[in-house]
Every structure is written in structure tokens, then in C-alpha cells.
């Protein structure tokens with residue numbers, strides 16, 4: 001009998017979204033016994049579930065019914081109830097009322113989206129339900145994961161609240177708590193570095209202390225090997241990125257026709273020939289969105305229609321109908337293939353529809369010339385030539401475009417020739433006298449410290465400007481990120497090795513934070529480690545250490561794209577997050593309040 005070598009174990013990671021999914025499945029749903037479980041949700045938890053799990057996945061783990069706690073519900077006394085709710089008085093009152101006079105379910109398992117305050121726990125302890133509560137746990141999932149490699153906190157006007165003249169302590173505390181939740185979801189007590197300024201230092205110190213306190217309750221967080229590296233920066237590290245028109249498919253949608261919750265309303269003719277509208281999500285379940293979202297706009301214009309033509313060419317029978325006399329087996333195969341074909345055709349048609357609208361807006365605003373000038377400014381061209389080019393190019397542009405261009409010039413120009421008098425003159429030339437406060441306050445969000453120089457070289461398949469977030473990630477991969485500009489919270493972490501001491505298995509209490517390391521976050525041990533980006537895109541990782549960049553004040557789509565670039569170019573798992581997802585208009589709107 002011959003001996004065969006053992007096949008290597010493949011250890012998949014599915015980013016921050018996958019880690020959140022595993023938390024929900026392992027620490028919540030699987031911790032409740034039985035195969036006929038009822039899942040009860042409120043608005044906050046429903047939003048979390050909607051981005052991570054589908055109904056069939058919940059059913060595979062014993063969930064037979066999902067209901068909104070606000071709805072009138074029939075008692076199901078033979079099934080355990082899993083309450084996944086925000087720790088608010090309104091949601092907790094509904095839970096307590098379910099059990100006020102008699103048992104509505106077999107037993108109660110309560111899981112909070114975030115850390116529940118003592119008054120909420122006391123309210124439950126004083127109610128009749130307490131005798132039936134088998135689980136009471138803080139899941140710490142109070143943040144948004146719109147895609148595999150990004151997260152944000154939805155803190156509106158975060159730049160103004162955190163970087164303005166008066167730092168909002170509630171906003172700062174909120175961000176600290178939520179980044180602690182991210183670390184918990186990843187199952188790690190990370191190495192923390194920060195942009196060397198007062199805000200980032202204060203925030204990083206508070207996050208470090210918060211994670212350390214949580215890790216004392218959950219020792220498994222200290223056993224991650226190797227530990228994730230988190231770099232905390234604020235928006236001043238790259239004030240150009242929010243202002244540039246990022247010429248990718250996703251970037252142009254976000255800039256020119258922003259969608260609520262990335263939901264596109266597509267007009268079409270129904271079967272009766274009447275006009276109708278359908279809501280179409282742009283998310284990672286759509287293979288074409290994943291393929292084209294980061295593509296350079298000229299390339300997307302060429303390849304999206306080509307993809308539809310190829311689909312039709314590959315499926316002539318489905319596209320044009322089966323020929324007469326087709327064999328029964330051919331008819332059967334065609335019928336089985338039809339739903340998948342129709343779904344692909346509909347999605348490609350939708351993307352072509354979106355792209356055509358984007359291109360109309362792009363051409364209507366003369367963005368070919370505007371974007372070329374933006375890239376010239378970002379590259380640091382001659383002051384005099386650029387100054388004159390702005391006056392000429394932007395003469396007849398919309399005021400919002402003029403202001404973006406002027407602010408971009410302020411962000412990127414290091415010439416001493418750009419005096420306050422020259423700024424004022426350019427304001428007047430562009431007819432922007434009313435925006436002088438925004439320009440005057442812009443220096444508060446421009447940092448020259450720690451900024452990594454732009455790489456030199458010709459780029460043909462995308463805009464040449466590289467976001468600072470990507471440059472920071474590249475420096476982390478090369479292990480040459482400046483320790484002066486980005487110091488460690490703990491100096492000892494500078495020489496930390498990739499091995500970490502094991503910690504004893506955590507003990508569980510009635511009321512505890514989810515304490516099992518996320519399956520998607522486990523890094524140590526043998527096997528081949530891969531990053532699964534979905535739709536058969538798997539990347540073999542050259543280094544198991546996860547990299548995270550967190551941006552106080554908001555993160556742009558270009559910043560987020562950097563995580564995918566690093567995954568594909570460096571074979572490293574990188575995650576990019578911020579206090580919010582930032583667009584040019586929300587960035588500029590906050591400037592009058594800055595100092």
C-alpha cells in the first residue's frame with residue numbers, strides 16, 4: 001500500500017464581513033440548542049444580518065422563522081427564542097412584554113448588538129422573563145460592514161466632531177467603543193500604531209486601553225498569532241482623496257449619482273408593457289459588481305458591453321430560443337440553465353444602464369478635462385502653470401466643481417508662491433467669494449507630517465494618484481513604515497515576533513461578550529491561508545498578519561479600494577475602515593465649521 005502525503009489544510013479568511021458572519025453563527029445561533037429556533041430582530045440587528053447572511057444560511061443553522069419584534073407574533077412554546085436586538089429601552093420592553101404573563105417561547109436567549117448598560121440588565125433582572133433567560137450576551141457588532149474588506153461607524157459629520165475646534169467627547173467615545181467591537185469581531189488584541197498627532201494619539205491610547213480591558217474578560221483575544229496591525233490616522237493624512245474624482249465605475253457612481261444604501265432603481269417594461277421600477281442592490285452577491293466596481297472607467301465602458309455580448313454568444317440557444325427539432329435533453333438543459341442565464345443577463349443590462357447614465361453626467365460636467373487637471377495638481381505640477389490652468393478650465397464650471405478644484409490645489413500645493421493673497425485672488429477669479437471660510441479653514445484638515453511621497457512612474461490603467469491609505473499599507477507590507485511618523489502605542493510591539501503565547505480557553509458567564517475567536521479570524525497553526533473575496537476569487541496569502549487602517553473623519557471609496565489592491569498585488573489581507581463613508585460633498589460641507 002502506497003503512502004500519500006497529507007494534503008495541506010486550507011484556512012480561509014473572508015475579511016471583516018466574514019468575521020462578523022462567523023460571530024453571529026458560532027457565538028449566537030449555534031450556542032442555542034435545537035433545530036427549530038425562532039430569531040427575533042429589531043431594526044438595528046436586521047441591518048447587521050442583511051449584509052452578512054441569507055435566509056437559507058440561517059435555516060442551515062436551525063432557524064425556522066425570523067420575525068420583527070415589533071410585529072404581532074403568535075406564541076411558539078416548543079421553540080427557543082433568540083432575541084438579537086440593540087440594548088435600547090424600546091426593544092427590551094418588547095422582549096419583557098413577551099413574557100409578562102406567560103411563556104411565549106420555550107426559553108429566551110438575548111443577544112445585544114452592542115454593550116448593554118447596567119440599567120438595561122437591571123430591567124431584565126427585575127422582570128418575569130429572567131427565569132427563562134438562558135443566554136444574555138453582548139455581541140459587540142455595532143458597526144457596518146458594507147463589503148468584505150471595509151467597515152465604518154456611520155458617525156455623521158465625524159470630521160467636524162473629531163477634528164473641529166471642539167472635539168465631541170461622545171463622538172470620540174462612540175468611535176473608541178466601535179473600534180473595540182471591530183477588534184473583538186476579529187478575535188484579536190492588535191498591535192496599534194498612530195499618525196503622530198494629538199488626536200490620533202489620544203484615540204489610539206483609549207482604544208488600546210478599551211481592548212485590553214475586554215481581553216481580560218476574553219483571554220482568547222490575546223492568543224491570536226500573529227497579531228493584527230492597526231494604524232490609526234485622521235483625514236488630514238490625505239485631504240486630496242475626498243476631493244478627487246475617482247475614475248472607477250464605483251467611484252463615479254458614488255460621486256455623480258450616489259445611491260441610498262447602494263440600491264439602484266431601474267426602470268423597465270413589465271409583461272403587460274407598462275412602465276415599472278425595481279430596486280436592484282449593488283452588493284457583493286452580484287458577481288459583475290465585484291468584477292467591475294474597481295475598474296478604471298474607460299476600461300469599464302469597453303468591457304461591460306463586451307461581457308454581455310460574450311454571455312449571449314456563449315448561450316445562443318437561450319439568447320435566441322431553441323431551434324425546431326431540438327432533442328429533449330437539450331430542452332431540459334436549456335430550462336435548467338435559463339434562470340441563471342436570465343439573472344446574469346439582467347445584471348449586466350442593469351450595469352450597462354447605470355454606466356450609460358454615469359457617462360452622460362461625466363461628459364455633461366466636462367470631467368475628462370477636469371479630472372486630467374486634478375491629477376496634474378495631485379502630482380505636484382508647476383505652480384504658475386497649474387494656477388493658470390485652473391482659471392481657464394474652471395471658468396464655466398459649476399461652483400461645487402470650482403470649490404473642489406481650489407481645495408485640491410490647497411491640499412497638494414507646497415509652493416511658497418501660493419500665498420493667502422494668491423488664494424484670495426483665485427477665489428475671486430472663480431467667483432467663489434462666499435467660500436472664503438471653507439478655504440481658510442481647510443488647513444485644519446491638511447497635514448504635511450507623515451505624508452508618504454507619491455510613487456513615480458507611468459500608470460496606464462487607472463488614475464496615477466495613489467491614496468495615502470494604500471501607501472501606508474504598502475509600507476506595512478515592506479516593513480518600512482516610519483516609526484517616527486507612525487509610532488507604536490506600546491514600544492515593545494516594535495520588535496514583536498509573529499509568535500504569541502497561548503491563553504487558556506475563556507470561561508463563559510450568563511452575561512458576557514461573545515468569547516469565541518472568529519473562525520474567519522484564526523491565523524495561527526498550519527495550512528495554506530487564503531483570502532476568499534467571493535465568486536471564485538481566492539488569494540493565497542504570503543503573510544498571515546492582517547493589516548488594518550482606520551481613518552478618523554471618514555474613509556473614501558478610493559481608500560477602501562486600496563485594501564483590494566493590496567490583497568491582489570501583495571497577497572496580504574488588508575481591511576480599511578473609518579468613522580463614516582465619505583463623499584466629496586459631505587467632506588466639503590463640514591469645512592465652514594473647522595478651524
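When segment 160-174 is examined, which residues are found to be assigned to a helix (DSSP H, G or I) and surrounded by 14 or more Cβ atoms within 10 Å (Cβ to Cβ)? Listed by number, the residues that qualify are 160, 161, 162, 163, 171, 172, 174. Here is the figure for segment 47-61: residues that are farther than 19 Å from residue 281 by Cβ and in a helix (DSSP H, G or I) total 2.
Among the residues examined, residue 561 qualifies as out of contact with any helix residue (DSSP H, G or I) (no Cβ under 6 Å at 6 or more places or on another chain), at pLDDT 95 or above, surrounded by fewer than 24 Cβ atoms within 10 Å (Cβ to Cβ) and outside any strand (DSSP E or B).
Can you say whether residue 580 is buried (at least 19 other Cβ atoms within 10 Å of the Cβ) and either without any contact (Cβ under 8 Å) to a residue 40 or more places away in the chain or under 12 Å from the mean Cα position of the chain (by Cα) (or both), as far as the supplied structure shows? Taking the combined requirement at face value, the residue satisfies it. Screening residue 25 on (1) modelled with pLDDT of 95 or more; (2) farther than 30 Å from residue 549 by Cα; (3) in a helix (DSSP H, G or I) shows it passes everything except condition (2). When 251, 198 are screened for being more than 30 Å from residue 305 (Cα to Cα) and either in contact (Cβ under 8 Å) with a residue 24 or more places away in the chain or out of contact with any strand residue (DSSP E or B) (no Cβ under 9 Å at 6 or more places or on another chain) (or both), only 198 passes.
For the structure I just gave you, tell me whether residue 207 is free of Cβ contacts under 8 Å to residues at least 40 places away in the same chain, outside any loop (DSSP other than H, G, I, E, B), touching a strand residue (DSSP E or B) at 6+ places or on another chain (Cβ under 9 Å) and under 17 Å from residue 546 (Cβ atoms). Judged against the criteria, residue 207 is a match. Consider segment 433-451 and keep the residues that are without any contact (Cβ under 8 Å) to a residue 40 or more places away in the chain and surrounded by fewer than 19 Cβ atoms within 10 Å (Cβ to Cβ). The one that is nearest to residue 162 (Cα to Cα) is 443. Could you tell me which of the residues 367, 373, 437 is in contact with a helix residue (DSSP H, G or I) (Cβ under 6 Å, 6 or more places away or on another chain) and under 18 Å from residue 256 (Cβ atoms)? Going through 367, 373, 437 in turn, the sole match is 373.
One line per residue, one yes/no per condition, for (1) at pLDDT below 95; (2) in a helix (DSSP H, G or I); (3) surrounded by 15 or more Cβ atoms within 10 Å (Cβ to Cβ); (4) in contact with a strand residue (DSSP E or B) (Cβ under 9 Å, 6 or more places away or on another chain):
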position: 294; (1), (2), (3), (4): no, no, yes, yes
position: 298; (1), (2), (3), (4): yes, yes, no, no
position: 302; (1), (2), (3), (4): yes, yes, no, no
position: 307; (1), (2), (3), (4): yes, yes, yes, no
position: 311; (1), (2), (3), (4): yes, yes, yes, no
position: 317; (1), (2), (3), (4): yes, yes, yes, no
position: 325; (1), (2), (3), (4): yes, no, no, no
position: 330; (1), (2), (3), (4): yes, yes, no, no
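All told, residue 233 falls short of being touching a residue at least 24 places away in the same chain (Cβ under 8 Å), crowded, with 24+ Cβ neighbours inside 10 Å, assigned to a helix (DSSP H, G or I) and on the phi < 0 side of the Ramachandran plot. For segment 258-284, a tally of residues being within 22 Å of residue 297 (Cα to Cα) and out of contact with any strand residue (DSSP E or B) (no Cβ under 9 Å at 6 or more places or on another chain) returns 2.
Scoring residue 267 on the criteria (1) without any contact (Cβ under 8 Å) to a residue 40 or more places away in the chain; (2) within 30 Å of residue 349 (Cβ to Cβ); (3) part of a helix (DSSP H, G or I) leaves a single failure, condition (3).
Checked against (1) outside any helix (DSSP H, G or I); (2) out of contact with any strand residue (DSSP E or B) (no Cβ under 6 Å at 6 or more places or on another chain); (3) crowded, with 24+ Cβ neighbours inside 10 Å, residue 542 passes all but condition (3).
The values are calculated or read from the model by the stated rules, or taken from the named source; none is laboratory data. As the structure is a prediction and not an experimental result, all values here were calculated from the model. Counting neighbours? That spans all protein chains shown, and the Cβs are built from the backbone with ideal geometry, glycine included.
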